[in-house]
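Notes for the one structure printed next.
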Amino acid sequence: MSLIDLRSDTVTKPTPEMRRAMAEAEVGDDVFGDDPTVMALEERAAELLGKEAGLFVPSGTMGNLVAQLAHLARGQETIAGREHHVVVDEAAGHAVVAGTSIRQLAERPDGTLDLDELRDAFRDPLDEHHPVTGLVAMENTHAHSMAQPLTPAYTARVAAIAHEHGVPLHVDGARLWNAAVALEVAGRDLAAPADSVTFCLSKGLACPIGSVVVGSREFIWRARRARKVVGGGMRQVGVLAAAGLVALRDGDAGMIDRLAEDHANARRLADGLADLDGIGSPGGIAQPEPGRLDPARVRTNFVLFRVARDRAAFLAALRARDVLMVDYAHGQVRAVTHHGIDAVDVDRAIAAVAVALDETSQPAAAAPATA
Ligand SMILES: Cc1ncc(COP(=O)(O)O)c(C=O)c1O
């Protein structure tokens, strides 16, 4: 039986078509601006998101970092949700590399910020004691709320508040296309209010490596320079961009529309898990109310839950049955659906969870004494 790896959508492998495109890609030295495949990818990403220009970077983390470096001066402050990836999962790059701070606001269970709190979070630029607010950041989908998609209307409200204060809005859209598909809106509708957006090719879109940052031509020039600072200028990198161009094709030829299958499979998984004794609400902002896991919380490709078991023992018992899930924030377990996982795999995973719950319901029997 094959392994069912639900730890993340980053475990996806390039499709045969991507591998072919990578092998045949026309390449050049991208630091000289000579790689036609990278340029085509950057143009395609910018076109899809309605921005002037794009920049290919190796990772979502670097995309967010170069955006911060491009938007902010040392000593400035970003306003962001306290559970955002830039706050908790990027090794404090904002402080270590960009020399900035983050003013953290509590997110709500739908992944949004309270807009009155956002308004109050801007610093007084005339007070010499304060850092100067230089950026507002959003995350879409919002991972810790069980990957809720945030709407164009909400994004527009956040952008309007940022812009009233003369501050740009950056969207960490590592899974922006999941949000677009779940909300049945165009990517450019989600991106339109923002000044810059990063999205990942290496997650649900199944490319091996890469993210793209988009924004105005002038912003992208600064981001390109920032990418050089952090060592992200790459050479014949069209071999990677080629996979991205396959992923961003329209319709069935690309990888965006099929994300709907991942969302349906995540919902199927949650429906199956919710019935099992020992599976409960994930808590945190993913589902604050205690009780059973609520499958209606699954809007995209994340399923978060808690187990009434020793979590490490439960995950090990699952692994022994060839199903991988991962520990996540607030004592949760995370399962993520993606390309390569179908409904049959989901049903096998549910059955494996039932057995793993059973196997870990009692303390392990004492090992027999040995002579
Ligand atoms: C919301 C979010 N932003 C950014 C990233 C960073 O992406 P990468 O792993 O490519 O650095 C991730 C990765 O999981 C993410 O979930």
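Brief remarks on what is shown
- Those residues of region 15-29 which are in a helix (DSSP H, G or I) and in contact with a Ser or Thr (Cβ under 9 Å, 6 or more places away or on another chain), in sequence order: Ala21
- Given (1) among the hydrophobic types (A, V, I, L, M, F, W, C); (2) in contact with a strand residue (DSSP E or B) (Cβ under 7 Å, 6 or more places away or on another chain); (3) within 13 Å of the ligand (Cβ to nearest atom); (4) farther than 28 Å from Ala73 by Cα, index of the condition Leu240 fails: (2)
- Considering only residues in region 314-362 that are acidic (Asp, Glu) and free of Cβ contacts under 8 Å to residues at least 60 places away in the same chain, the one that is nearest to Val298 (Cα to Cα) turns out to be Asp327.
- The one condition in (1) in contact (Cβ under 8 Å) with a residue 60 or more places away in the chain; (2) within 30 Å of Gln287 (Cβ to Cβ) that Ala46 fails to fulfil: (2)
- Of the residues screened, Ala274 is not one that is of a type in the set (A, V, I, L, M, F, W, C), within 19 Å of the chain's Cα centre (by Cα) and outside the structural domain of Glu107 (by TED's automatic domain parsing).
- Condition check for Ala67: more than 23 Å from Ala242 (Cβ to Cβ), without any contact (Cβ under 8 Å) to a residue 12 or more places away in the chain and not in a loop (DSSP other than H, G, I, E, B): no
- Residue check for Ala46: away from the ligand (no atom under 16 Å from the Cβ), part of a helix (DSSP H, G or I), in contact with a helix residue (DSSP H, G or I) (Cβ under 6 Å, 6 or more places away or on another chain) and small (Gly, Ala, Ser): no
- Residues that are of a type in the set (A, V, I, L, M, F, W, C) and surrounded by 16 or more Cβ atoms within 10 Å (Cβ to Cβ) within region 86-109 comprise Val86, Val87, Val97, Ala98, Ile102, Leu105, listed in sequence order.
- Among the residues of region 47-57, those identified as more than 15 Å from Ala247 (Cβ to Cβ) and within 19 Å of the chain's Cα centre (by Cα) are Leu55, Val57.
- The condition (being over 16 Å from Leu201 (Cβ atoms) and within 11 Å of the ligand (Cβ to nearest atom)) is satisfied by just one residue among Asp34, Asp9, Asp89, Asp5: Asp89.
- Residue under evaluation Ala73, criteria (1) under 19 Å from Arg224 (Cβ atoms); (2) within 12 Å of the ligand (Cβ to nearest atom); (3) in a loop (DSSP other than H, G, I, E, B), criterion not met: (2)
Conditions (1) farther than 25 Å from Asp124 by Cα; (2) outside the structural domain of Val158 (by TED's automatic domain parsing); (3) modelled with pLDDT of 95 or more; (4) more than 16 Å from the ligand (Cβ to nearest atom), marked per residue:
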residue: Phe56; (1), (2), (3), (4): yes, no, yes, no
residue: Ser59; (1), (2), (3), (4): yes, no, yes, no
residue: Gln68; (1), (2), (3), (4): no, no, yes, no
residue: Leu105; (1), (2), (3), (4): no, no, yes, yes
residue: Pro109; (1), (2), (3), (4): yes, no, yes, yes
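- Checking each residue in region 76-85 for being surrounded by fewer than 24 Cβ atoms within 10 Å (Cβ to Cβ), within 11 Å of the ligand (Cβ to nearest atom) and not in a loop (DSSP other than H, G, I, E, B) picks out only His85.
The values are calculated or read from the model by the stated rules, or taken from the named source; none is laboratory data. What you see is a predicted model, and the numbers here were worked out from it, not measured in a lab. When we count neighbours, we look across all protein chains shown, and the Cβ atoms used for this are built from the backbone with ideal geometry, even at glycine.
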